[in-house]
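The values are calculated or read from the model by the stated rules, or taken from the named source; none is laboratory data. Remember, it's a predicted structure, so these values are computed and weren't measured experimentally. Side chains included, ligands, DNA and RNA excluded: accessible areas come from the protein's heavy atoms. Shrake-Rupley method; radii C 1.70, N 1.55, O 1.52, S 1.80 Å.
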Amino acid sequence: MKLLYFAWLKTMTGVAEEEVSPPPEVTTVATLLDWLKARGPGFAEALADPAAVRIAINQEYARPGDPVRPDDEVALFPPVTGG
Amino acid sequence: MIRIQTDDFDVGAEIARLSSGRHGIGGVVAFVGLVRDMVGERPIEAMTLEHYPGMSEKMLARIEAEARARWPLEDSLIIHRVGRLEPGERIVLVITASAHRQAAFEACQFLIDWLKTRAPFWKLEETDAGAHWVAARADDDAAAARWTVPPGRDPEAAE
(Lines give C-alpha, C1' and ligand atoms only; values in the text may rest on other atoms or scores of the structure.)
Protein backbone atom coordinates (compact mmCIF):
# COMPACT_ATOMS: atom_id res chain seq x y z
CA MET A 1 0.00 0.00 0.00
CA LYS A 2 1.32 3.40 -0.97
CA LEU A 3 0.72 6.19 1.55
CA LEU A 4 1.02 9.90 0.75
CA TYR A 5 1.00 12.73 3.29
CA PHE A 6 0.36 16.40 2.53
CA ALA A 7 0.57 19.76 4.34
CA TRP A 8 0.79 19.45 8.15
CA LEU A 9 0.28 15.70 8.03
CA LYS A 10 3.59 15.51 6.16
CA THR A 11 5.25 17.93 8.58
CA MET A 12 4.03 16.14 11.72
CA THR A 13 4.71 12.57 10.58
CA GLY A 14 7.96 13.53 8.86
CA VAL A 15 6.92 11.38 5.88
CA ALA A 16 5.86 12.51 2.39
CA GLU A 17 5.46 9.08 0.81
CA GLU A 18 5.99 5.46 1.88
CA GLU A 19 5.15 1.85 1.06
CA VAL A 20 3.55 -0.05 3.93
CA SER A 21 2.24 -3.58 4.49
CA PRO A 22 -0.45 -3.29 7.16
CA PRO A 23 -1.62 -6.44 9.00
CA PRO A 24 -4.70 -8.30 7.69
CA GLU A 25 -7.03 -6.65 10.24
CA VAL A 26 -6.52 -3.33 8.45
CA THR A 27 -9.45 -3.47 6.02
CA THR A 28 -10.96 0.02 6.19
CA VAL A 29 -9.89 3.66 6.35
CA ALA A 30 -10.71 3.70 10.08
CA THR A 31 -8.64 0.61 10.91
CA LEU A 32 -5.77 1.93 8.78
CA LEU A 33 -5.75 5.19 10.78
CA ASP A 34 -5.78 3.23 14.06
CA TRP A 35 -2.81 1.18 12.89
CA LEU A 36 -0.92 4.27 11.72
CA LYS A 37 -1.55 6.07 15.05
CA ALA A 38 0.31 3.29 16.88
CA ARG A 39 3.46 3.76 14.77
CA GLY A 40 4.93 6.60 16.81
CA PRO A 41 4.38 9.93 18.54
CA GLY A 42 4.35 11.98 15.30
CA PHE A 43 1.65 9.74 13.85
CA ALA A 44 -0.37 9.67 17.07
CA GLU A 45 -0.29 13.47 17.24
CA ALA A 46 -1.07 13.98 13.54
CA LEU A 47 -4.01 11.57 13.61
CA ALA A 48 -5.32 12.45 17.08
CA ASP A 49 -8.39 14.20 15.64
CA PRO A 50 -9.79 12.07 12.78
CA ALA A 51 -12.24 14.86 11.88
CA ALA A 52 -9.26 17.06 10.93
CA VAL A 53 -7.92 14.50 8.45
CA ARG A 54 -9.19 13.92 4.92
CA ILE A 55 -8.52 10.60 3.20
CA ALA A 56 -8.35 9.84 -0.51
CA ILE A 57 -8.14 6.30 -1.88
CA ASN A 58 -6.74 6.15 -5.42
CA GLN A 59 -7.32 9.93 -5.66
CA GLU A 60 -11.01 9.79 -4.65
CA TYR A 61 -12.32 11.13 -1.33
CA ALA A 62 -13.07 8.29 1.09
CA ARG A 63 -14.94 7.82 4.37
CA PRO A 64 -13.94 5.93 7.55
CA GLY A 65 -15.91 2.81 6.61
CA ASP A 66 -14.55 2.55 3.06
CA PRO A 67 -12.37 -0.49 2.29
CA VAL A 68 -8.60 -0.23 1.75
CA ARG A 69 -6.67 -2.82 -0.22
CA PRO A 70 -2.95 -3.69 -0.43
CA ASP A 71 -2.48 -2.15 -3.88
CA ASP A 72 -4.27 1.12 -3.05
CA GLU A 73 -2.75 4.60 -3.03
CA VAL A 74 -4.01 6.21 0.17
CA ALA A 75 -3.46 9.92 0.80
CA LEU A 76 -3.83 11.68 4.15
CA PHE A 77 -4.26 15.45 4.22
CA PRO A 78 -5.97 18.31 6.06
CA PRO A 79 -9.08 20.09 4.75
CA VAL A 80 -8.06 21.85 1.54
CA THR A 81 -7.18 25.56 1.44
CA GLY A 82 -6.45 26.37 -2.20
CA GLY A 83 -7.92 29.03 -4.41
CA MET B 1 -9.59 23.45 -19.68
CA ILE B 2 -7.55 23.23 -16.49
CA ARG B 3 -3.88 23.98 -15.83
CA ILE B 4 -1.69 23.69 -12.74
CA GLN B 5 1.59 25.55 -13.05
CA THR B 6 4.31 27.40 -11.14
CA ASP B 7 4.43 30.22 -13.71
CA ASP B 8 2.28 33.34 -13.61
CA PHE B 9 -0.54 33.78 -16.11
CA ASP B 10 -1.69 36.74 -18.22
CA VAL B 11 -5.40 37.31 -17.59
CA GLY B 12 -5.95 39.39 -20.74
CA ALA B 13 -4.13 36.90 -22.94
CA GLU B 14 -6.13 34.00 -21.49
CA ILE B 15 -9.46 35.80 -22.08
CA ALA B 16 -8.42 36.68 -25.64
CA ARG B 17 -7.35 33.09 -26.36
CA LEU B 18 -10.60 31.69 -24.98
CA SER B 19 -12.93 34.08 -26.77
CA SER B 20 -11.06 34.68 -30.03
CA GLY B 21 -13.24 33.90 -33.06
CA ARG B 22 -16.02 32.56 -30.82
CA HIS B 23 -18.88 34.88 -31.68
CA GLY B 24 -21.46 32.87 -29.77
CA ILE B 25 -19.86 34.21 -26.59
CA GLY B 26 -21.72 37.24 -25.29
CA GLY B 27 -20.10 37.52 -21.87
CA VAL B 28 -16.87 36.51 -20.15
CA VAL B 29 -16.36 36.52 -16.36
CA ALA B 30 -12.90 36.19 -14.77
CA PHE B 31 -12.03 35.67 -11.11
CA VAL B 32 -8.41 36.23 -10.04
CA GLY B 33 -7.25 35.19 -6.56
CA LEU B 34 -4.24 37.09 -5.15
CA VAL B 35 -1.87 36.61 -2.21
CA ARG B 36 -2.80 39.13 0.52
CA ASP B 37 -0.12 40.83 2.59
CA MET B 38 -1.78 40.35 5.99
CA VAL B 39 -3.31 37.52 7.98
CA GLY B 40 -5.22 39.21 10.79
CA GLU B 41 -2.72 41.62 12.36
CA ARG B 42 0.34 39.80 11.06
CA PRO B 43 2.13 40.58 7.78
CA ILE B 44 2.75 37.71 5.39
CA GLU B 45 6.14 37.40 3.72
CA ALA B 46 5.12 34.67 1.29
CA MET B 47 2.84 31.73 0.78
CA THR B 48 3.68 28.29 -0.60
CA LEU B 49 0.97 26.39 -2.45
CA GLU B 50 1.25 22.61 -2.27
CA HIS B 51 -0.98 20.17 -4.12
CA TYR B 52 -1.59 16.45 -4.65
CA PRO B 53 -0.39 15.89 -8.22
CA GLY B 54 -2.82 13.68 -10.08
CA MET B 55 -5.77 14.20 -7.76
CA SER B 56 -5.69 18.00 -8.06
CA GLU B 57 -5.97 17.81 -11.88
CA LYS B 58 -8.70 15.19 -11.56
CA MET B 59 -10.74 17.28 -9.10
CA LEU B 60 -10.39 20.50 -11.11
CA ALA B 61 -11.51 18.67 -14.27
CA ARG B 62 -14.47 17.21 -12.41
CA ILE B 63 -15.50 20.58 -10.94
CA GLU B 64 -15.26 22.13 -14.39
CA ALA B 65 -17.37 19.32 -15.90
CA GLU B 66 -19.98 19.92 -13.19
CA ALA B 67 -20.15 23.63 -14.09
CA ARG B 68 -20.47 22.79 -17.79
CA ALA B 69 -23.35 20.41 -16.96
CA ARG B 70 -25.16 23.01 -14.84
CA TRP B 71 -24.75 26.13 -16.98
CA PRO B 72 -24.77 26.70 -20.75
CA LEU B 73 -21.10 27.70 -21.04
CA GLU B 74 -19.33 28.25 -24.33
CA ASP B 75 -15.98 27.68 -22.63
CA SER B 76 -14.18 27.75 -19.28
CA LEU B 77 -10.65 27.80 -17.89
CA ILE B 78 -9.15 27.16 -14.46
CA ILE B 79 -5.48 27.92 -13.80
CA HIS B 80 -4.08 27.24 -10.32
CA ARG B 81 -0.50 28.10 -9.43
CA VAL B 82 1.67 26.10 -7.03
CA GLY B 83 4.98 26.88 -5.35
CA ARG B 84 6.13 29.97 -3.46
CA LEU B 85 4.20 33.21 -4.09
CA GLU B 86 4.64 36.66 -2.56
CA PRO B 87 1.95 39.22 -1.65
CA GLY B 88 0.28 40.67 -4.74
CA GLU B 89 1.05 37.63 -6.88
CA ARG B 90 -1.76 35.83 -8.67
CA ILE B 91 -2.73 32.39 -7.30
CA VAL B 92 -5.75 31.28 -9.29
CA LEU B 93 -7.71 32.22 -12.40
CA VAL B 94 -11.23 31.10 -13.25
CA ILE B 95 -12.75 32.19 -16.56
CA THR B 96 -16.25 31.39 -17.78
CA ALA B 97 -17.73 32.35 -21.14
CA SER B 98 -21.36 32.12 -22.13
CA ALA B 99 -23.91 33.58 -24.53
CA HIS B 100 -25.37 35.56 -21.62
CA ARG B 101 -23.85 37.03 -18.50
CA GLN B 102 -25.92 35.28 -15.84
CA ALA B 103 -24.58 31.81 -16.63
CA ALA B 104 -21.01 33.13 -16.78
CA PHE B 105 -21.31 34.95 -13.42
CA GLU B 106 -22.95 32.03 -11.63
CA ALA B 107 -20.65 29.37 -13.07
CA CYS B 108 -17.54 31.42 -12.19
CA GLN B 109 -18.68 31.78 -8.57
CA PHE B 110 -19.57 28.10 -8.40
CA LEU B 111 -16.17 27.08 -9.75
CA ILE B 112 -14.12 29.08 -7.24
CA ASP B 113 -16.41 28.06 -4.35
CA TRP B 114 -16.13 24.35 -5.14
CA LEU B 115 -12.42 24.60 -5.96
CA LYS B 116 -11.72 26.07 -2.53
CA THR B 117 -13.41 23.20 -0.69
CA ARG B 118 -12.72 20.18 -2.95
CA ALA B 119 -9.48 20.54 -4.90
CA PRO B 120 -6.46 19.24 -2.94
CA PHE B 121 -4.32 22.37 -2.58
CA TRP B 122 -2.89 23.71 0.70
CA LYS B 123 -1.37 27.05 1.68
CA LEU B 124 1.69 27.42 3.90
CA GLU B 125 1.99 31.02 5.14
CA GLU B 126 5.34 32.51 6.09
CA THR B 127 5.25 35.27 8.70
CA ASP B 128 7.86 36.79 11.02
CA ALA B 129 6.62 34.27 13.62
CA GLY B 130 7.41 31.32 11.34
CA ALA B 131 5.55 29.20 8.81
CA HIS B 132 2.14 27.70 9.43
CA TRP B 133 -0.42 25.79 7.38
CA VAL B 134 -3.58 27.78 6.73
CA ALA B 135 -6.70 26.32 8.37
CA ALA B 136 -9.85 25.68 6.34
CA ARG B 137 -12.53 28.36 6.74
CA ALA B 138 -16.14 27.66 7.70
CA ASP B 139 -17.38 30.45 5.43
CA ASP B 140 -15.73 28.72 2.45
CA ASP B 141 -17.71 25.58 3.31
CA ALA B 142 -20.89 27.67 3.54
CA ALA B 143 -20.15 29.32 0.17
CA ALA B 144 -19.67 25.92 -1.47
CA ALA B 145 -22.79 24.48 0.16
CA ARG B 146 -24.96 27.10 -1.60
CA TRP B 147 -24.36 25.24 -4.85
CA THR B 148 -25.31 21.73 -3.80
CA VAL B 149 -28.79 22.28 -5.27
CA PRO B 150 -28.61 23.44 -8.89
CA PRO B 151 -29.96 27.01 -8.98
CA GLY B 152 -33.34 27.48 -10.66
CA ARG B 153 -32.65 29.07 -14.00
CA ASP B 154 -34.38 29.63 -17.27
CA PRO B 155 -31.86 30.01 -20.11
CA GLU B 156 -34.54 31.71 -22.19
CA ALA B 157 -34.97 34.40 -19.54
CA ALA B 158 -31.28 35.42 -19.39
CA GLU B 159 -30.35 38.98 -20.44
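Which value, in Å to one decimal place, does the Kirkwood hydrodynamic radius take for region B:41-86 when every pair of different Cα atoms is included? One over the average 1/r among Cα pairs gives 13.0 Å for region B:41-86.
Of all lysines in the structure, the ones whose alpha carbon falls short of 18 Å from that of A:LYS2, not counting any fewer than 8 places away in one chain, are A:LYS10, A:LYS37. Between B:PRO120, B:PRO72, B:PRO53, the residue with the greatest mean-square fluctuation in the GNM of chain B (Cα pairs under 10 Å linked by springs) is B:PRO53.
Taking amide H positions as modeled 1.01 Å from N, with prolines and chain starts lacking one, the residues under 5 Å from A:ARG54 and 5 or more places away or on another chain are A:PHE77. Over the protein assembly as shown, DSSP H runs of length four or greater, each weighted -39,500 (n - 2.57), average out per residue to a 222 nm ellipticity of -9000 deg cm²/dmol. Comparing B:ALA143, B:ALA65, B:ALA16 in a Gaussian network model of chain B where C-alpha atoms under 10 Å apart are linked, the largest mean-square fluctuation is found at B:ALA16. All C-alpha pair distances within chain B, sorted into 10 Å bins from zero, spread as 10, 37, 34, 15, 3, 0 percent across the bins. On a per residue basis, region A:2-77 carries 51 Å² of accessible surface, using protein heavy atoms and a 1.4 Å probe. The Stokes-Einstein estimate for region A:2-77, based on a Kirkwood radius over Cα pairs and taken at 10 °C with 1.306 mPa s viscosity, is a diffusion coefficient of 131 µm²/s. Each Cα pair of the protein assembly as shown feeds into the Kirkwood radius, which the Stokes-Einstein equation turns, at 10 °C and 1.306 mPa s, into a diffusion coefficient of 82 µm²/s.
Remark: region A:24-36, residue by residue, has Karplus-estimated 3J(HN,Hα) of x, 6, 7, 10, 10, 4, 5, 6, 5, 5, 4, 5, 5 Hz, where x stands for each Gly or Pro and the curve is 6.51 cos²θ - 1.76 cosθ + 1.60 at θ = phi - 60°. Contact order, relative form, for chain A: 40 percent (alpha carbon pairs under 8 Å, 6 or more residues apart, mean separation divided by residue count). Once all protein chains are placed together, B:ILE44 keeps about 10 Å² accessible to a 1.4 angstrom probe. Between region A:1-52 and region B:80-152, the C-alpha centres lie 28 angstrom from each other.
How large, in percent, is the carbon and sulfur part of the accessible surface of the protein assembly as shown at a probe radius of 1.4 Å? Of all accessible area on the protein assembly as shown, carbon and sulfur atoms account for 53 percent. Amide H contacts of A:THR81 (H built 1.01 Å from N, in plane; Pro and chain starts excluded): B:PHE121, B:TRP122, B:LYS123 sit under 5 Å, all sequence-distant by 5 or more or on other chains.
Buried surface between chains B and A: roughly 1800 Å² of accessible area, summed over both sides, computed with a 1.4 Å probe on protein heavy atoms only. Couplings 3J(HN,Hα) of region B:90-95, computed from phi: 7, 9, 9, 10, 10, 10 Hz, in residue order, whole Hz [Karplus 6.51 cos²θ - 1.76 cosθ + 1.60, θ = phi - 60°; x for Gly and Pro]. Residue by residue, region A:76-81 carries 3J(HN,Hα) couplings of 10, 7, x, x, 6, 9 Hz when phi is fed to the Karplus relation 6.51 cos²θ - 1.76 cosθ + 1.60 (θ = phi - 60°); x denotes Gly or Pro.
Close amide H pairs (under 5 Å, H built 1.01 Å from N) link B:ILE91 with B:GLY33, B:LEU34, B:VAL35, residues at least 5 positions away or on another chain.
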